[in-house]
Each structure stands twice: as structure tokens, then as C-alpha cells.
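Everything on this sheet refers to the single structure shown next.
The values are calculated or read from the model by the stated rules, or taken from the named source; none is laboratory data. From a predicted model like this one, the values you see are computed outputs, not experimental measurements. Quick reminder, even Gly has a Cβ in these numbers, built from the backbone with ideal geometry, and neighbours come from all protein chains shown. For the accessible areas, the whole protein counts, side chains as well, though only heavy atoms, and no ligand, DNA or RNA atoms are used. Shrake-Rupley method; radii C 1.70, N 1.55, O 1.52, S 1.80 Å.
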Amino acid sequence: MDEFYRALCKAAGEGQVKRREPMALHTTFRTGGPAAFFAVVQTEDELRKTVRVCREHQVPWYMLGNGSNLLVGSSGFPGVMIQLGGEFKQWEITQEEENGHVLFKAGAGLLLSKIGRAALEEGLTGFEFAAGIPGTLGGAAVMNAGAYGGEMKDILVSVRIMTQDGEIRELPAGELALSYRHSCIPEKGYIVLSAVMELKKGNQEEIRAQMEDLAFRRKDKQPLEYPSAGSTFKRPEGFFAGKLIEDAGLKGFSVGGAQVSEKHAGFVINREQAAPEEIRELIEAVRNRVFGTSGVWLEPEVKLLGFETPAFGESADTDLKKE
Ligand SMILES: Cc1cc2nc3c(=O)[nH]c(=O)nc-3n(C[C@H](O)[C@H](O)[C@H](O)COP(=O)(O)OP(=O)(O)OC[C@H]3O[C@@H](n4cnc5c(N)ncnc54)[C@H](O)[C@@H]3O)c2cc1C
């Protein structure tokens, strides 16, 4: 492993690789075992070399955004967690048309909150729905993140991706199979490098008011005072996950330190130093109970990584980009 570590440091850049890095520090659930290696790459070249080194040494790797939709098991991740820094956190306006339409390009490692702030400063409308989602642009494209009637699909024009072989392509958003909290990016093994969004010139005060209103509504309805990964389950067609969970009598239901939020039953929270396994067990229990009371199988939105046994009827490491 020392030979691999040296090769990884050379690829990702000196001083940018940590060993045994607790994922509790990098996920909004604030729990999770260590990643054997944690590399923050600053350039496309470093990213390409890092992936190549992993492939050559047959070490698994995983792309991390802001960890706001991810639960990592206590035994951690036995490979390289790759995060995007440096040039992946830049943004620019690449085109302004006379009709007020603006093309806004941003790196995949940039937080949506920062894009929201930039859009506000530039007086651009269209991004308000996403500004309060605590993820990166890369994670939001992968998840087709959405809120309050908007989703990434509405504004994404194209994404720049790197394939597993290190090839770079520009893909129109129409080729990403974007649907409710889904894209084809994980199954194709693409890494999102940046994305272009179409926004519009608007009234800065109206944009600010809209962002403040949505932030207020989040704070009012969501248990933001506890660590979580947001809505634990996808919205089943024709139902609301939170309502089904509440109707099953599960509001406040706990497994160890994990709890179905009393404020919003759609959120599983880390109420008190929950082990990832407790969170997972609670998710499983909620699914079973809700199926029993309503006949609806809730599909988790949160991604699981580093659990020994498969969960939810599929491989636990569904998104593991392994050779
Ligand atoms: C309090 C709270 C509120 C939330 N509210 C919402 C909401 O309103 N709407 C909503 O949709 N979501 C919401 N979420 C969930 C989460 O913020 C989103 O799913 C977000 O898009 C995840 O982004 P991330 O950068 O944190 O991704 P991560 O959780 O780090 O990763 C998610 C997936 O994307 C992949 N990925 C990340 N970056 C890249 C990349 N550059 N290239 C390839 N793959 C990549 C990862 O491998 C993983 O499979 C909320 C979460 C919290 C904690």
C-alpha cells in the first residue's frame, strides 16, 4: 500500500492526500468510518492521473461532492475518496444574449449556495430553487436535485465529463437521462467536471426575496438543527414519503441515536451520535413498516457506501466505481 500511496500523492499532488480520513467529517450525516485515502484534486490533469493510478493498482475510488446525500458504514471505504477543489470551484458567465438569457458555467466542486450567491450578485434568476440545497454542482447534476417546483433538469444546458478512461466530453443535458432524482451519470461511470446552466437577467430584489422565502420555508419545516441527508426517501408516485411515515406512526421512532425527525417525518436524523448502521437499520425498519401499513415500498434517496451486507434489495455499493 505504501507504493500505491506514493503513486497517489504524485498523481493528486503533494500534500493533497490524507490517510484514514473519517467520513464523518465529510458527510452531512456526521457519521461514517474512514476512507483509506482521501484526495482533493485541483485540476483535470490531477483527476485523470488519480483515477489512472487507482485503476492501475486496482484500488476502488469514489467521487465525493459535499457528502450531503451519502451514508458511509463504520468500516469505512477501502479505497480513494476523490473530492474536487481548485479549478473545479470557479464560475463564469460565458454568454449573454440580448433577450436576457445568460449561460453560466461553474465547476462541479462548487457549492450550490455559492452559485446562488453569485447568481444573486449578477441579478440572474432561475437558480433560486437550488440555492438552499447543501450539495455541489456535480452532486446536483448526478441527483437531478430539485426543490420547490424546480430541478436541475430545468436549467442544465450541458455538462463536461471525464470518462473512466480519462477522455473528456461535453454532453448536452438531454443525454443525461435526467428524471426525478436520477441521471445516467453513475451508471456510465462519468465524472462531472463542470456544467453550463441557462439563467435569465432578473430583478435582484425579487431574486433575493425568493431566496430568503425558500430559506425560511426550509428552516421552518426541516430539522436543520440535526445532521441528516435531507429527505431520506424519494417521493413515491402519488404519495408523500413523510405523510406515509407519519401515518405509519413512525414520527420520532428511533434506532439507537438515529431518529425519524419529529419535525418532518421524511427526514432521518442523526439525533445523538448515531452509528451509520443504526441509521441504516432505521431506514430499513421505516421501509418495512410503511410497506405494511400502506403497501408502498419507499425507495431511499440517500446513497450507501461501505456496508458489508447489501441493503434495500440491491448491492450496498451500487455506485462503487470499481474496475
Ligand atoms: C438538509 C438537507 C437538505 C436537502 N435538501 C434537498 C433538496 O431540497 N433537494 C434535493 O434534491 N436534495 C436535497 N438534499 C440532498 C443533497 O443535498 C442533494 O442530493 C445534493 O445534490 C447532493 O450533492 P453532494 O455534492 O452533496 O453529493 P454527494 O452526496 O457527495 O454525492 C451524491 C452522489 O453524486 C456523486 N457525485 C458527486 N459529485 C460528483 C461528480 N463531480 N462526478 C460524478 N459523480 C459525483 C457521488 O458519487 C454520489 O453518488 C438535502 C440534503 C440535506 C442534508
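Please list, ordered by residue number, the strands (runs of 3 or more DSSP E) wholly in the stretch 32-100 having 1 or more residues that are crowded, with 24+ Cβ neighbours inside 10 Å and not polar (S, T, N, Q).
34-41, 61-64, 70-72, 77-84
Would you point out the residue of the stretch 256-267, among those that are assigned to a loop (DSSP other than H, G, I, E, B), open to solvent by less than 20 Å² (accessible area, probe 1.4 Å) and within 14 Å of the ligand (Cβ to nearest atom), that is farthest from Pro227 (Cα to Cα)?
For the stretch 256-267, the residue satisfying everything is Gly266.
Go through Ile115, Ile168, Ile133 for me and flag whichever is within 14 Å of the ligand (Cβ to nearest atom), hydrophobic (A, V, I, L, M, F, W, C) and in contact with an Asp or Glu (Cβ under 8 Å, 6 or more places away or on another chain).
Details: Ile115 fails: in contact with an Asp or Glu (Cβ under 8 Å, 6 or more places away or on another chain); Ile133 fails: in contact with an Asp or Glu (Cβ under 8 Å, 6 or more places away or on another chain).
When all the criteria are applied, what remains is Ile168.
Go through the residues of the stretch 283-301 one by one and say whether even a single one is charged (D, E, K, R), within 15 Å of the ligand (Cβ to nearest atom) and open to solvent by 80 Å² or more (accessible area, probe 1.4 Å).
yes
What residue, among those in the stretch 188-202 that are assigned to a strand (DSSP E or B) and over 17 Å from the mean Cα position of the chain (by Cα), is farthest from Asn99 (Cα to Cα)?
Within the stretch 188-202, the match that is farthest from Asn99 (Cα to Cα) is Val196.
Which residues, counting only those in the stretch 1-31, are in a strand (DSSP E or B) and open to solvent by less than 50 Å² (accessible area, probe 1.4 Å)?
Matches in the stretch 1-31: Val17, Glu21.
Being open to solvent by 60 Å² or more (accessible area, probe 1.4 Å) and either within 16 Å of the ligand (Cβ to nearest atom) or without any contact (Cβ under 8 Å) to a residue 40 or more places away in the chain (or both) is the filter here; which residues of the stretch 242-255 pass it?
Selection gives Lys243, Glu246, Lys251, Phe253.
Residues are listed down the side, and each one gets a yes or a no for (1) at pLDDT 95 or above; (2) under 24 Å from Glu301 (Cβ atoms); (3) over 20 Å from the mean Cα position of the chain (by Cα):
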position	(1), (2), (3)
Asp154	yes, yes, no
Val157	yes, no, no
Glu170	yes, no, yes
Pro227	yes, yes, no
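For (1) within 8 Å of the ligand (Cβ to nearest atom); (2) surrounded by 22 or more Cβ atoms within 10 Å (Cβ to Cβ); (3) β-branched (Val, Ile, Thr), each residue gets a yes or a no:
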position: Val142; (1), (2), (3): yes, yes, yes
position: Gly150; (1), (2), (3): no, no, no
position: Val159; (1), (2), (3): no, yes, yes
position: Ala177; (1), (2), (3): no, no, no
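If we scan the stretch 54-66, do we find a residue that is more than 22 Å from the chain's Cα centre (by Cα), modelled with pLDDT of 95 or more and among the β-branched types (Val, Ile, Thr)?
Yes; the residues of the stretch 54-66 include at least one that is more than 22 Å from the chain's Cα centre (by Cα), modelled with pLDDT of 95 or more and among the β-branched types (Val, Ile, Thr).
Within the set of pairs 6+ apart or on separate chains, which have a first residue in the stretch 130-158 that is without any contact (Cβ under 8 Å) to a residue 40 or more places away in the chain, a second that is among the basic types (Lys, Arg) and open to solvent by 10 Å² or more (accessible area, probe 1.4 Å), and C-beta atoms under 9 Å apart?
Asn144/Lys153; Asn144/Arg181; Ala145/Arg181; Gly146/Lys153; Gly146/Arg181; Glu151/Arg181
What tally of residues in the stretch 216-241 results from selecting those that are open to solvent by less than 60 Å² (accessible area, probe 1.4 Å), in contact (Cβ under 8 Å) with a residue 60 or more places away in the chain and over 15 Å from Ser68 (Cβ atoms)?
First, pick out the residues of the stretch 216-241 that are open to solvent by less than 60 Å² (accessible area, probe 1.4 Å): 218, 222-223, 227-234, 236, 241.
Narrowing further to those that are in contact (Cβ under 8 Å) with a residue 60 or more places away in the chain: 218, 227-234, 236.
Within this subset, residues satisfying the condition of being over 15 Å from Ser68 (Cβ atoms) are 233-234, 236.
Here the count works out to 3.
Only one of these conditions is not met by Ala274: (1) open to solvent by 50 Å² or more (accessible area, probe 1.4 Å); (2) assigned to a loop (DSSP other than H, G, I, E, B). Which number is it?
Looking at each condition in turn, Ala274 falls short on (1).
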